[in-house]
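Notes to accompany the following structure.
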Amino acid sequence: MGDSMITPSIEYDYLIKFLALGDSGVGKTTFLYQYTDGQFNPKFISTVGIDFREKRVVYRPKTPPNAKPYRIHLQLWDTAGQERFRSLTTAFFRDAMGFILMFDLTSEQSFLNVRNWLTQLQCHAYCEDPDVILVGNKADREDARVISQTRAKELADKYSLNYIETSAFTAQNVKESIEMLLEKVMLRMEKTI
């Protein structure tokens with residue numbers, strides 16, 4: 001047997017884990033599938049416990065201009081939004097480097113519950129001030145929208161969060177939201193190196 005069978009090959013510079021949080025039905029699973037596979041799955045299957053998707057990306061720092069790009073292996077953890085799985089999902093908070101806090105633009109209750117999710121984050125995240133983006137999903141459903149962009153931005157500003165509206169159905173801002181969170185995480189990492 002050749003040594004190549006047992007020699008590990010590192011194909012990335014950083015392994016970064018993101019955790020998607022939010023109520024059941026806000027679109028976390030379809031959002032992550034849209035990001036990793038580039039497709040929308042209309043068959044809604046409620047996540048039981050926790051699941052994850054993976055994707056390799058290249059991160060190019062904005063400064064300095066000639067900065068070396070980094071190969072990133074993203075693990076995108078998908079949590080169950082139901083209360084009965086809360087103790088299971090909080091166990092995964094400490095390993096995550098960034099959080100996608102999602103609500104459904106057509107659901108008042110999912111928006112109101114953002115504060116509860118933020119409390120969970122403060123209790124269980126790896127640090128006091130974790131990297132979080134607030135995502136209003138289902139932007140394609142304008143006719144059923146109940147949360148205005150102004151109202152969502154006010155909440156994001158109150159908690160010093162970046163806010164973006166997405167659609168897992170049309171792929172609107174899906175890639176951009178992950179890039180936004182990755183930028184925040186990489187900037188934090190650069191400060192600590």
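The values are calculated or read from the model by the stated rules, or taken from the named source; none is laboratory data. Just so you know, these numbers come straight off a predicted model, no measurement behind them. Don't worry about glycine lacking a Cβ; one is built from the backbone with ideal geometry, like all the others, and counts go over all protein chains shown.
For segment 108-136, a residue qualifies if it is of a type in the set (Phe, Trp, Tyr), more than 17 Å from Ile16 (Cβ to Cβ) and free of Cβ contacts under 8 Å to residues at least 60 places away in the same chain, and exactly one does: Phe111.
Of the helices (runs of 4 or more DSSP H) lying entirely inside segment 106-179, those carrying at least 1 residues that are small (Gly, Ala, Ser) and modelled with pLDDT of 95 or more are 108-112, 149-158. Set side by side, the residues Ala156, Ala144 differ, and just one is of a type in the set (Gly, Ala, Ser), over 23 Å from Val57 (Cβ atoms) and touching a Ser or Thr at 6+ places or on another chain (Cβ under 8 Å), which is Ala144. Annotation for segment 13-31: at least one member residue is modelled with pLDDT of 75 or more and more than 30 Å from Asn116 (Cα to Cα).
In segment 12-23, the residues that are touching a residue at least 60 places away in the same chain (Cβ under 8 Å) form Cβ pairs under 8 Å with partners that are surrounded by fewer than 16 Cβ atoms within 10 Å (Cβ to Cβ) and in a strand (DSSP E or B), at six or more places apart or across chains, as follows: Tyr12/Arg56; Tyr12/Arg71; Tyr14/Arg71.
Output the residues belonging to segment 152-169 that are without any contact (Cβ under 8 Å) to a residue 40 or more places away in the chain and farther than 16 Å from Asp129 by Cα. Walk me through how you get there before you give the answer.
Of all residues in segment 152-169, those without any contact (Cβ under 8 Å) to a residue 40 or more places away in the chain come to 153-154, 156-158, 160, 162-164, 167.
Listed by number, the residues that qualify are Lys153, Glu154, Tyr163, Ile164, Ser167.
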